[in-house]
1. Which residues, taken from region B:146-180, are of a type in the set (D, E) and touching a strand residue (DSSP E or B) at 6+ places or on another chain (Cβ under 7 Å)?
2. Among the residues of region A:69-106, what is the count of those that are of a type in the set (V, I, T) and within 14 Å of another protein chain (Cβ to nearest Cβ)?
3. Looking at (1) within 20 Å of B:S86 (Cβ to Cβ); (2) more than 15 Å from the chain's Cα centre (by Cα), which is the one condition that is false for B:N122?
4. Identify all residues within region A:35-50 that are within 14 Å of chain B (Cβ to nearest Cβ) and surrounded by fewer than 14 Cβ atoms within 10 Å (Cβ to Cβ); write none if there are none.
5. Which one of the conditions (1) basic (K, R); (2) within 14 Å of chain B (Cβ to nearest Cβ); (3) over 30 Å from B:S130 (Cβ atoms) does A:K58 fail to meet, given that it meets all the rest?
6. Could you please give the count of residues in region B:89-118 that are of a type in the set (K, R), farther than 21 Å from B:G203 by Cβ and modelled with pLDDT of 95 or more?
7. Between residues in region B:39-62 that are facing chain A (nearest Cβ under 9 Å) and residues that are acidic (D, E) and assigned to a loop (DSSP other than H, G, I, E, B), which pairs lie under 7 Å by C-beta distance while being six or more apart or on different chains?
8. Can you confirm whether B:A157 is crowded, with 17+ Cβ neighbours inside 10 Å, part of a loop (DSSP other than H, G, I, E, B) and outside the structural domain of B:N114 (by TED's automatic domain parsing)?
Amino acid sequence: MSEIRIRKSVPGSVRRGEVFEIKTLIAHPMDNGFMYTRGGVRIQRQIIHRFEAVYNGKTIFQADWHVAVSTNPFISFFAVAAESGMIEFRWYDDNGEVYTDSAEILVT
Amino acid sequence: MRSFARIAVLAGSAAFTIAALALEPDLPDGEFPVSGYRFMGPQVQQLQDDDFLNPGWFAVEFGAELWQEKAGDRNLSCQSCHGDASESMRGVAARYPQYDEHRTGLINLEGRINEMRSRYMNAAEYPLESEQLLAITAYVTHQANGSPMNVDITGKAAPYWQQGRDLYTRRQGQLDLACSQCHDERAGLMLRGDRISQGHVNGFPVYRLIWRSMGSRHRMFRWCNWAVRAEPHELGSDEYLSLELYLAWRGRGLPIESPAVRP
């Protein structure tokens, strides 16, 4: 991909105290470092090794990923919101890049 | 002695489980044509059905961006002429490949997209099997979702159909296998860990799990040739265009299913 492609599913509005699901999917090869090209050259490990979800500046979910996590990693988790705000997702690539995306949640 | 008996019982139940697993999918009996979807395990079917998880959607979404992206001297995008793809491209992919007068040969959807870029947009053609070409092809094919494959094999297309049929039925490679020996005569049976499908092309371009990426019909043909240890033809070659025409005809009536996921 010319740029990292991200899909997310976040409810635009939720009731206060309601448990809701958040899903994200990111297009990433997650090269585990054990594969070789057809020419026999080892493909360097390059994975997303960490995922974080931050709501209004506070980390609400985090995960360390390792080499067994598949291509295009998917994650789903549940949350409860007390007030409206912005959820930000961060994916930390081995190459130092951090991919981000965000969504607003309105609490009614 | 007793433990030996127990092992025998265990082995027996294991064999039974394997047999039961092999029979598990709801396989069509004598039905034709049947999409590769029906030959996949339920996990892969779920992956394809889930619009959020299906990785083919990355390509379709990227293709939707490319549809609107202006390129070339004339500063045109696909949309400049064709407008809303959901209207103008509805059912189009189901009619490819087809005979093309300009080319005096067959052209497939990828070829048509590239022809549009070079002839009308004065833009560079996308390289075959590039991310861009797969994405725009997947996007256009998606607009034909549900349309039954219906290619024209009459007139000037007829000799190509014949050539495709010859390729399909001819034994080749070190394993000396013809496509038809697996996909006609042994569809539904196991080939090691894989279930043999009828070899239809209604889902392409597909997201293939073992590739971890999208691939075109021609990439699949190359893979199949390689799998029987035959020398693959080039992407976009006349041989593969003919085979593509034959297979599209062979699966006529099957609805286009894009973006498909295949194992």
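1. Start the filter on region B:146-180 by keeping residues that are of a type in the set (D, E), which leaves B:152, B:166, B:176.
Across region B:146-180, the qualifying residue is only B:D152.
2. At the first step, the residues of region A:69-106 found to be of a type in the set (V, I, T) are A:69, A:71, A:75, A:80, A:87, A:98, A:100, A:105.
Of the ones still in play, those that are also within 14 Å of another protein chain (Cβ to nearest Cβ) are A:69, A:71, A:75.
Number satisfying all stated conditions: 3.
3. Of everything listed in (1) within 20 Å of B:S86 (Cβ to Cβ); (2) more than 15 Å from the chain's Cα centre (by Cα), B:N122 misses just condition (1).
4. So in region A:35-50, the residues within 14 Å of chain B (Cβ to nearest Cβ) come out as A:35, A:37-38, A:43, A:46-47.
Scanning region A:35-50 gives A:M35, A:T37, A:R38, A:I43.
5. With respect to (1) basic (K, R); (2) within 14 Å of chain B (Cβ to nearest Cβ); (3) over 30 Å from B:S130 (Cβ atoms), A:K58 is out only on (2).
6. Here is the first cut: in region B:89-118, the residues of a type in the set (K, R) are B:90, B:95, B:103, B:112, B:117.
After this cut, where a residue has to be farther than 21 Å from B:G203 by Cβ as well, the list is B:103, B:117.
The next check asks that each one be modelled with pLDDT of 95 or more; those that pass are B:117.
Residues that pass the stated criteria total 1.
7. B:W57/B:D51
8. Values: crowded, with 17+ Cβ neighbours inside 10 Å: yes; part of a loop (DSSP other than H, G, I, E, B): no; outside the structural domain of B:N114 (by TED's automatic domain parsing): yes.
The answer is no for B:A157.
The values are calculated or read from the model by the stated rules, or taken from the named source; none is laboratory data. Keep in mind that what you see is a predicted model, and the values were worked out from it rather than measured. With ideal geometry, Cβ positions are generated from the backbone for all residues, glycine too; neighbour counts draw on all protein chains shown.
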